[in-house]
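Please read the structure below before turning to the comments.
The values are calculated or read from the model by the stated rules, or taken from the named source; none is laboratory data. Computed from a predicted model, the values in this text were never measured in an experiment. A quick note on method: Cβ atoms are made from the backbone with ideal geometry, for glycine too, and the neighbour counts reach across all protein chains shown.
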2 protein chains.
Amino acid sequence: MPPDPEDRSVPIDRLLAFAEKMLQTVDVPEEDARLTAHILLQADLRGIESHGMAHLVDFYVRALQSGRTKPRPDISVTRESAAAATIDGDGGLGFVVGHHAMGLAIEKARETGVGIVSVGNSTHYGAGAFYGMMALEHDMIGISMTTGGRLMAPPGSRGQAVGTNVLSLAAPTPRSFPYVLDMATTVVAAGKLEIAARRGRPIPEGWAVDGAGRPLTDPTMLQSGAALLPLGGATDTGAYKGFGLALMVDILCGALSGFGTSAEIEIGTAAHCFGALRIEAFQPISQYLERMEGMIAAVKRAPKEEGIDEIHIAGELEHALADERREAGTVPLHPAILEGYRVAADEFGVPFDLTEAP
Amino acid sequence: MPPDPEDRSVPIDRLLAFAEKMLQTVDVPEEDARLTAHILLQADLRGIESHGMAHLVDFYVRALQSGRTKPRPDISVTRESAAAATIDGDGGLGFVVGHHAMGLAIEKARETGVGIVSVGNSTHYGAGAFYGMMALEHDMIGISMTTGGRLMAPPGSRGQAVGTNVLSLAAPTPRSFPYVLDMATTVVAAGKLEIAARRGRPIPEGWAVDGAGRPLTDPTMLQSGAALLPLGGATDTGAYKGFGLALMVDILCGALSGFGTSAEIEIGTAAHCFGALRIEAFQPISQYLERMEGMIAAVKRAPKEEGIDEIHIAGELEHALADERREAGTVPLHPAILEGYRVAADEFGVPFDLTEAP
């Protein structure tokens, strides 16, 4: 979705400081608050407005305030072998639980070549890409999956029954940008409807259906019995594949962790699964990178549609945008989000100084 | 695709014997011929007509005859650690290479909890589901991926540039059927167009585009510059997700094995990746199965569209069909396939006795 002309440019350093302070106000330890603010910011830098700072107050701070999310969870490994582990997140912030679990997957991959860590009893972890990308600096491929909100209508059904479960994979390339896939298994993530609603815009047909199964264009109806369509859209264009991917993610997160799948678990809770593959356990890294370069170059050589200058791989444009925003020192936030911040800052007695950058 | 009224019922035992004989005629060792015939038959039993016995002669036997596929490959492990390995398939039959590699992944998962095996220098391995399903009897989740034919047009392009790469996952359930996802990352597998062409039927818009990017309904055009669309179809309904999944599979198969991705490798060759996760390494199997039952039951409880009696999970209908066909002792084959068999049987001096069952 293109940026909104109403958006304000918010200085990154002040935004980070504000987010850390707000999280500490609801009893999150300093280190965890810093980590959470960092992960949220990465989403905004990469243009993933649906999974970044927009949710800081209304979603995360409020959940901590109400006790639905624990600020000081006792994260524990409940089962472990050389390449596998299960983690109980104790209802903590998904960012903190996820960062811990992905760290363990990386540690295992260093020893055995592969690490898979299934996680139960967690909460929303933001954008999936962050965790997979933790593997990159270790010359590993990183995988991150999570249950999403129960908003998907399986093919043949009319109602919300399964999560918008997310699959993400990050892999090193020899280019300036890594390969970073990060996708909900619905046609679009729920956050895309939230953004459209905030901006008073309709959504295209093919994203969602109302309670009677008719195409939905009003993004505000998602909370009133409407449902998101699985990737693929209709049955004869592969909706059962998007649905199948959603259950695949559920199996690796919710069943393997023993916590429960998106069809069953309490709203606000989440299960995840993380994976790390050490490239040198399979292949000299130079050979791997050569094959990656071959793939990227071939994609970019493909004959283009009229009006298309370049074909991009997953994560490429997000990487360029993040560089641009880091350089500028600001990220855009919608005025409605900033107003929510201001109200919460007043309430918690936190100074609010996210004025517009020049 | 529903069965064709022209299809003939072919007795399973005679079909297996015929396939084994044909493969041995082109120098495949008896054991490998039996394995290959078995895997091909599983696809037909499960109704995956696009990946079964229909390809026996025109695809596999002809490739062996011409030397493009090696009947007696020297399959070797080129790199190995506790949970990871890379296999060089030496240009052998994908069935034989894949079966060997999945076996190694299962062995590793028994020791460390997880096994991932990347495979290069292989050929077409039939339906991906078979290999993941090998994990089921070991109380493991099985994963199988492969590069597919270079027939996908990336979003923004008009031409064939990337494979119809396949992702498959099989997981135990407490029901009579396992969960078995097996999907090309295009809207449909290329085999679906081949079947439509054989039957003289058009294909729906939304599956493929011609060389100018216009919707294609003539299935015979795929060999003339047309291309398959990625799962998601158009850009605003998530085509970049299907494309992203295709590259994900390419990375884990073609780059990780060092062999090369679908955008680059020679037509007729393939790279794969197999994974096995031992459930007990993560969770008591009873707890896992309880969560699976919860998931399946919740999906089946979802409100249904008019005219829909039941919502099915991936692999459920295929399992029921396989039971039915095993019971009947026959699988359907199109007369054009049987005619191809008859001609080849004559040519190789193999008795042809696949007459119609009563």
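Annotations for the structure displayed:
- Scanning segment B:151-200 for residues being of a type in the set (Phe, Trp, Tyr) and touching a strand residue (DSSP E or B) at 6+ places or on another chain (Cβ under 9 Å) gives a total of 1.
- Filtered residues of segment A:246-265 (kept if more than 7 Å from chain B (Cβ to nearest Cβ) and not small (Gly, Ala, Ser)): A:Val249, A:Leu252, A:Cys253, A:Phe259, A:Ile265
- Restricting attention to segment B:199-250, the residues that are outside any loop (DSSP other than H, G, I, E, B), crowded, with 24+ Cβ neighbours inside 10 Å and hydrophobic (A, V, I, L, M, F, W, C) total 9.
- Each residue in segment A:283-308 was checked for being farther than 18 Å from B:Met152 by Cβ, facing another protein chain (nearest Cβ under 7 Å), of a type outside the set (S, T, N, Q) and part of a loop (DSSP other than H, G, I, E, B), and 0 of them qualify.
- Residue match in segment B:276-298 (condition: within 26 Å of the chain's Cα centre (by Cα), surrounded by 24 or more Cβ atoms within 10 Å (Cβ to Cβ) and under 20 Å from B:Val166 (Cα atoms)): yes
- When segment A:164-204 is filtered for residues that are of a type in the set (Asp, Glu) and at pLDDT below 90, only A:Glu194 remains.
- Residues within segment A:138-184 that are of a type in the set (Val, Ile, Thr), touching a Leu at 6+ places or on another chain (Cβ under 8 Å) and outside any strand (DSSP E or B), tallied: 2
Every residue, every condition in (1) more than 26 Å from B:Ala314 (Cβ to Cβ); (2) touching a Lys or Arg at 6+ places or on another chain (Cβ under 8 Å), yes or no:
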site	(1), (2)
A:Ala190	no, no
A:Ala197	yes, no
A:Val209	no, yes
A:Asp218	yes, no
A:Gln223	yes, no
A:Gly238	no, no
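- Search result, residues across segment B:140-193 that are surrounded by fewer than 22 Cβ atoms within 10 Å (Cβ to Cβ) and either closer than 20 Å to B:Ala101 by Cβ or within 7 Å of chain A (Cβ to nearest Cβ) (or both): B:Gly156, B:Gly159
- Residues in segment A:191-227 that are in contact (Cβ under 8 Å) with a residue 60 or more places away in the chain and under 17 Å from the mean Cα position of the chain (by Cα): A:Gly191, A:Lys192, A:Glu194, A:Ile195.
- Selection count, segment A:202-218, where residues are within 10 Å of chain B (Cβ to nearest Cβ) and either more than 20 Å from B:Gly233 (Cβ to Cβ) or not small (Gly, Ala, Ser) (or both): 7
- Strands (runs of 3 or more DSSP E) wholly inside segment A:1-97 that include at least 1 residues being on the phi > 0 side of the Ramachandran plot and surrounded by fewer than 20 Cβ atoms within 10 Å (Cβ to Cβ): none
- Pick from segment B:220-236, criterion out of contact with any strand residue (DSSP E or B) (no Cβ under 7 Å at 6 or more places or on another chain) and more than 20 Å from A:Ala234 (Cα to Cα), ranking: farthest from the other protein chains (Cβ to nearest Cβ): B:Thr220
- The set of residues from segment B:102-129 being closer than 20 Å to B:Ala184 by Cβ and in a helix (DSSP H, G or I) comprises B:Met102, B:Ala129.
- The lone exception for B:Cys273 - which of (1) buried (at least 18 other Cβ atoms within 10 Å of the Cβ); (2) outside any helix (DSSP H, G or I); (3) facing chain A (nearest Cβ under 9 Å); (4) of a type outside the set (Gly, Ala, Ser) it fails: (3)
- Yes/no for B:Glu324 being without any contact (Cβ under 8 Å) to a residue 12 or more places away in the chain, more than 14 Å from chain A (Cβ to nearest Cβ) and surrounded by fewer than 17 Cβ atoms within 10 Å (Cβ to Cβ): yes
- When A:Gly238 is tested against (1) at positive phi; (2) touching a helix residue (DSSP H, G or I) at 6+ places or on another chain (Cβ under 6 Å); (3) not basic (Lys, Arg), just one condition goes unmet, and that condition is (2).
- Any hit, segment B:102-119, residues being away from every other protein chain (no Cβ under 14 Å) and in contact with a strand residue (DSSP E or B) (Cβ under 7 Å, 6 or more places away or on another chain): yes
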